Amino acid sequence: TICSGNSVLLSVNGGVSGYQWYLNGASIGGANAATYSATAAGLYNCIYMDGCGLTDSVTLGITIALNPTPDAVATPASQTICSGSAITTIVLTGSVGGTTFNWTRDNTVAVTGIAASGAGDISGSLTNPTNAAVTVTFTITPTTGTCTGTPITATVVVSPVPDVAQPSNQVVCN
């Protein structure tokens, strides 16, 4: 079993020439070497010429199954909050059943609160002690069985709490 988009190398030992690979009984065009990089699901066989000049029909009986590559969607994909506030929960979904979502985040020193890594939906509060907005990027990786999908990101801009300097008492002359 391989993940969709990947391949497995098949090989025949003992042959010297005349290789032809087959998938589900049909000849595979251009597959005429001792090895073949299989990417499709099905039953693979190879016919070849052995060292004695005889044509051998070898039924490898190799069946390859393809597992789908998982994907991920983060909702919402971006948001802005005030420092110390809870984020809107980032709900993680995908089109392949049984997918798990592992995530990491950056700016763990500049912004505190949510852990540096985790699994599943992302929730919690973030605190930005600086005086400038800081973007926190969550990198989410979908996994189903042994298949890992392409990571996606979700961002949260954490705005600082406004700090107004109170002036000292003033005397106003008319």
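For N131, indicate whether it is on the phi > 0 side of the Ramachandran plot and modelled with pLDDT under 95. Steps first, answer last, please.
Values: on the phi > 0 side of the Ramachandran plot: no; modelled with pLDDT under 95: yes.
It is false that N131 is on the phi > 0 side of the Ramachandran plot and modelled with pLDDT under 95.
Enumerate the strands (runs of 3 or more DSSP E) found wholly within the range 64-109, keeping only those where 2 or more residues are among the aliphatic types (A, V, I, L, M). Even if it seems obvious, please write down each step before you answer.
On the way: elements: 73-75, 78-82, 91-93, 100-105.
Of the strands (runs of 3 or more DSSP E) lying wholly inside the range 64-109, those with at least 2 residues that are among the aliphatic types (A, V, I, L, M) span 73-75, 91-93.
So which residues in the range 60-87 are under 18 Å from A154 (Cα atoms) and either open to solvent by 60 Å² or more (accessible area, probe 1.4 Å) or not hydrophobic (A, V, I, L, M, F, W, C) (or both), if there are any at all?
Initial filter on the range 60-87 (under 18 Å from A154 (Cα atoms)): 70-83, 85-87.
Answer for the range 60-87, where residues must be under 18 Å from A154 (Cα atoms) and either open to solvent by 60 Å² or more (accessible area, probe 1.4 Å) or not hydrophobic (A, V, I, L, M, F, W, C) (or both): P70, D71, V73, T75, P76, S78, Q79, T80, C82, S83, S85, A86.
Just to be sure, is S83 among the hydroxyl-bearing types (S, T, Y) and farther than 25 Å from T1 by Cβ? Walk me through how you get there before you give the answer.
On the way: among the hydroxyl-bearing types (S, T, Y): yes; farther than 25 Å from T1 by Cβ: yes.
The answer is yes for S83.
Exactly one condition in (1) modelled with pLDDT of 90 or more; (2) of a type in the set (A, V, I, L, M); (3) under 18 Å from the mean Cα position of the chain (by Cα) is not met by L66; state its number.
(1)
Which one of I47, I90 is open to solvent by less than 60 Å² (accessible area, probe 1.4 Å), β-branched (V, I, T) and at pLDDT 95 or above? Please lay out each step first, then the result.
Numbers: I47 fails: at pLDDT 95 or above.
Just one listed residue meets the conditions, I90.
Mind checking whether some residue in the range 137-154 is at positive phi and not small (G, A, S)?
So in the range 137-154, the residues at positive phi come out as 145.
Going one step further and asking which of them are not small (G, A, S), we end up with none.
Looking through the range 137-154, none of the residues is at positive phi and not small (G, A, S).
Listed here are the residues, each with its yes/no results for (1) assigned to a loop (DSSP other than H, G, I, E, B); (2) surrounded by 15 or more Cβ atoms within 10 Å (Cβ to Cβ); (3) touching a Gly at 6+ places or on another chain (Cβ under 7 Å).
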{"position": "L10", "(1), (2), (3)": "no, yes, no"}
{"position": "V16", "(1), (2), (3)": "no, no, yes"}
{"position": "Q20", "(1), (2), (3)": "no, yes, no"}
{"position": "A33", "(1), (2), (3)": "yes, yes, no"}
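Any residue that is part of a strand (DSSP E or B), over 30 Å from T35 (Cβ atoms) and in contact with a strand residue (DSSP E or B) (Cβ under 9 Å, 6 or more places away or on another chain) - is there at least one of those in the range 55-62?
No: the range 55-62 contains no residue that is part of a strand (DSSP E or B), over 30 Å from T35 (Cβ atoms) and in contact with a strand residue (DSSP E or B) (Cβ under 9 Å, 6 or more places away or on another chain).
Residues in the range 119-152 that are open to solvent by less than 80 Å² (accessible area, probe 1.4 Å), in a strand (DSSP E or B) and in contact (Cβ under 8 Å) with a residue 60 or more places away in the chain: how many?
Going through the range 119-152 one residue at a time, the tally reaches 8.
The values are calculated or read from the model by the stated rules, or taken from the named source; none is laboratory data. Small disclaimer: the values here were computed from a predicted structure and weren't measured. Counting neighbours? That spans all protein chains shown, and the Cβs are built from the backbone with ideal geometry, glycine included. Side chains included, ligands, DNA and RNA excluded: accessible areas come from the protein's heavy atoms. Shrake-Rupley method; radii C 1.70, N 1.55, O 1.52, S 1.80 Å.
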